[in-house]
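Just so it is clear, none of the values below were taken in a lab; they were calculated from the coordinates. Since this is a predicted model, take the numbers as computed values, not measurements. Cβ: placed from backbone, ideal geometry, glycine included. Neighbour counts: every protein chain shown.
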Amino acid sequence: MKTPLLDLFLPRTCVVCGRPLLLQERQICIYCLSDLPLTYNWLRTRHPMADRFNAMISRDLPSDVFEPYAYAAALFRFSSQAGYRRIPYALKYGGDIPAGRYFAIILGRMLSEASHFRDVDAVIPVPLHWTRRWSRGYNQAEILAREVASVLGVSCRTGVLVRSRRTRTQTRKAVAEKKKNVSGAFSLRRPLPENVRHVLLIDDVFTTGATLNACYRTLRRSYPTIRISIATLAVVG
């Protein structure tokens, strides 16, 4: 009964198109939800997003070092020209935490359908520098990671990685600049439990993969044998 009354005074609207939501709709209207540009890449171990990320990993390794292929997934395709860009923007810049949680639950459910993600036993969000987290009030990657971990039935390890220096925004930077910007920006603060064998790194949007790669490398230095996968709400391209 509360929702219809609240809708009279504080109308809920679709995060994508702004249409007033019906009683049974949450965060996104049925029309935008039906057209959500899902990647379905979580169903495959190899696909363009994963290939791009693994190519970045490989470029940082000596030629004689073997690194297992990293699994990767994103819920939907991001385009700066499409209304769906408002989903990560609403969470990151608009403080719309309920929307972030809603789509993170969908991402978690999709990941749970894939056999190669079912053995994930720890979820780690990409950390924000403490000054940025303080000014924003939250870490958008942590919002997503907590919901994904809950759906997968595993722990969300928020204190494992720390952003040890504040980096400039990655927006509008070239690929090489993004990689340099986050190089050495992360460090290990707390150890993982000994029984962890498969870690899932979570961020909001995969653009070049530079930030996730920096986190990946930080974890790999201390944990040479665990599997490290990544997942994001959206992927560019």
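The Kirkwood radius of the stretch 37-236, taken over pairs of alpha-carbon atoms, gives through the Stokes-Einstein law at 4 °C and 1.567 mPa s a diffusion coefficient of 77 µm² s⁻¹. Amide H contacts of Ile230 (H built 1.01 Å from N, in plane; Pro and chain starts excluded): Tyr71, Ala72, Ala73, Leu201 sit under 5 Å, all sequence-distant by 5 or more or on other chains. Sorting Glu25, Glu113 from the fewest to the most surrounding beta carbons within 10 angstrom yields Glu113, Glu25. To the nearest ten degrees, helix 140-152 and the longest principal axis of the Cα atoms of the chain are 90 degrees apart. Please determine, in degrees from 0 to 90 and to the nearest 10, the orientation of helix 210-222 with respect to the longest principal axis defined by the Cα atoms of the chain, where the helix direction is its Cα long axis. Here the helix axis deviates by roughly 50 degrees.
The amide H of Cys17, built 1.01 Å from its N in the peptide plane, has Cys29 as neighbours under 5 Å, considering only residues 5 or more places off or on other chains.
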